[in-house]
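Have a look at the structure below before the remarks.
The values are calculated or read from the model by the stated rules, or taken from the named source; none is laboratory data. Just so you know, these numbers come straight off a predicted model, no measurement behind them. Neighbour counts run over all protein chains shown; Cβ positions are idealised from the backbone, glycine included.
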Amino acid sequence: MKIDILTLFPNMFDGFLSESIVKRAIENKKVSINAHNIRDYSKDKHKKVDDTPYGGGAGMVLMCQPIFDAVDSLKSPKSRVILMTPQGVPYNQKMASSLSKSEHLILICGHYEGFDERIRSIADMEISIGDYVLTGGELPAMIVTDSVVRLVDGVIDSESHQNDSFSDDLLDYPTYTKPQNYKGMEVPDVLVSGNHKEIEKWRQTEKIIKTLERRPDLIKHKKGYLITKDNKTGEILSVEFNKIDGFEVTPKNDARREDIISVNKMVIVKPSFAEKVIKLKVDKKMRNLYDKFNYLLTTDDEDSTAAVLDEAVRYRGFIIKNYADFMGTKYRDTILKKLGIIINELNIKMNLIYEIKESELSGKTR
Ligand SMILES: C[S@@+](CC[C@H](N)C(=O)[O-])C[C@H]1O[C@@H](n2cnc3c(N)ncnc32)[C@H](O)[C@@H]1O
């Protein structure tokens, strides 16, 4: 890969290109990186590269000619010309990964007030490294170069960036090194267990938890994972996974390949959490039923009484079918007892209403 950087300050790149991974990548001929002085391409006899803005206003504006000519002389059909500007597309890891597969990048660094708007016409792409304004495009160009170079094949061990933050829309898992105990802070047991399967599982879960805690925006839109936590204790109460192409699930007692099934959604719920949620729902419904029951004490309306009786009978059936196993026996028995009383009372009331009705009818016929 080749990267050409157009700048008014090529010396700014000296340190950047002569240290660490970028330096090694250049030495190992994985990349060739050159910072070119825009001024060298100026046709002006004083090597002028900028001028005042039309219409007035502060600052100097980079002129078209030196930049058009520089790009012309460096460009080939495989080049991607990129303008560094705070008005560009916000830069991210996916863009870095895509750029790392290019053969040739030309990065244009603006300076001062910016550049002549017509320079946009020669760019294939405009990149912003964030919603803030720097004095020039040199640091943004270094950021893009650094993030791209480390992804070029053979520059660093691919395993070390596969798990990096953002590579799968998740933040990286927590890492630790020696000593195992530092000022009372212990390395998690699983990491020293030697059980690689368990370590992998732990890391995957930690990635999800960390992302949900720190950058939920990265995965929220995908509805991929939803973790519900107890606000007070921070304890994880449930984990919900949604995946378009499904999760493979291996039945535990028979791990043969053909037994693997694929599911699109998994919800893992702590029993105590399920109990709490069900309790909230049941209590609300019971309050509603009591309100209706109390109202019926003030009326002998047959239809309303029949409707509430029907609702209570149905709700008892619903609880037995759906909630009974998750409610805890004491709470379940209490609720079923209360519903039994409501149903019993309403049955008595219905009988009374019928009796009154019948006696009224027989009175009329007499
Ligand atoms: C002072 S800035 C000009 C800002 C310009 N007046 C504006 O508000 O859009 C000078 C140059 O720094 C570079 N620059 C500053 N902030 C940047 C950012 N967030 N991302 C990419 N380049 C940036 C650009 O090349 C820009 O032309």
Could you say which residue among SER42, SER79, SER73 is at pLDDT 95 or above and in contact with a His (Cβ under 6 Å, 6 or more places away or on another chain)? SER79
Screening THR85, THR7 for residues that are within 14 Å of the ligand (Cβ to nearest atom) and in contact with a Cys (Cβ under 6 Å, 6 or more places away or on another chain) leaves only THR7
